[in-house]
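Report on the structure given below.
Rule-based calculations on the coordinates, nothing more; no lab input. Please read all numbers here as calculations on a predicted model, not as lab measurements. Here the Cβ is made from the backbone with ideal geometry for all residues, glycine too, and neighbour counts use every protein chain on show.
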Amino acid sequence: MTDPAIVATRPALPALYSVRGWPAEVNPAYITFVDEMRSTGVEVVDVYVGPTGFSTLGEWAGAVADEIQTRHQTSEPLHLMSYCLGGVVAQVALGTLTDRGIEADFVALIDPRHEPPQYRLERGLDSLYRVPWGFRIRHHLLLLTPPDSQAVRAVLLTVLRRAARSLLELPKRGWRSRRRANPMIFTEMYLAHHWEFSALLTPVYLYNVESSIQNYGDGDPSVHMGRYLSGGFTVRVVEGDHENCIEPPYSTGLIKRINADRRAVVAGAGAFQ
């Protein structure tokens, strides 16, 4: 049991606004994670706006920013948290809030990631989510530019391998991928893959698992988020993998880490202060 005297000396934490990218039925584990965080005495405000009816990620994130602005007490510091795809939505929403003159004092993104061009190309994600050809060509050209440039032959072979694999998969999955079986998931991924990201000037805490850093980030500890975080970022490597880092037993350590970072920020001793 925590000593009451120690608790009394800790700085009070403002409400934490939790931006969800997925509906509860798609990712119930995150709902449970938020409840576990609340059990530590933290106030968490659930923020979810579905993607239906929006034509761009900017419009969707703008509605999320509206929801935060409506519910946030302007006299309090703004603390935000998000996980997975929600981290991508939160990034764009943060840019919208900044444009409105609202700055976040603390931002926690739990294992978000941006797919690099090679990852998108190998898995055919641009084709899967019907990304415009202008975007696709730019992604292919990025593979040919320094410092990690690849030979034209290597890029063409990747395209051919993906095309052949798609043809082999057709008898099993048909023209519509299994990922499109859930229209909500497809809509959210469609909006995310059609968006050109701009730099975010708000400093961010990234809580990434080792497997994401290695498998999706090619050793990049920010899992390719860093190239969009011009305001600075710090990476906390947390336990578990992408799916279970927000579940017991790993969630306990993650919550302690986030709460400790928030207390440091409130006390004026955070990583960016």
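Data for the structure
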read-out: Table column - 3J(HN,Hα) (Hz), segment 34-41, Karplus curve with 6.51, -1.76, 1.60, x for Gly and Pro; value: 4, 4, 5, 5, 4, 5, 8, x
read-out: Nonlocal amide H pairs with Leu200, under 5 Å, H built at 1.01 Å; value: Leu229, Ser230, Gly231
read-out: Segments 202-211, 56-65 sorted - mean Cβ within 10 Å per residue, highest first; value: 202-211, 56-65
read-out: FRET E, pair Arg38, Arg138, Förster distance 41 Å, beta-carbon r, rounded to 0.05; value: 0.45
read-out: Arg130 paired with Ala29, simple spin-label distance in nm, labels 7 Å along Cα-to-beta-carbon; value: 3.0 nm
read-out: Placed amide H near His114: partners under 5 Å, 5+ positions off or other chain; value: Met225
read-out: Amide H within-cut-off set for Leu80, under 5 Å, with H built and near neighbours excluded; value: Tyr17, Phe106, Val107, Ala108
read-out: Cα centroid separation, segment 32-68 to segment 216-247 (Å); value: 20 Å
read-out: Peptides 131-137, 17-23 ordered by average Cβ neighbours within 10 Å, highest first; value: 17-23, 131-137
read-out: Relative contact order (%) - criterion: Cα under 8 Å, at least six apart; region: segment 36-140; value: 22 percent
read-out: Estimated vicinal HN-Hα couplings, Hz - segment 12-18 in sequence order (Karplus 6.51, -1.76, 1.60; Gly, Pro = x); value: 5, 9, x, 4, 9, 8, 9
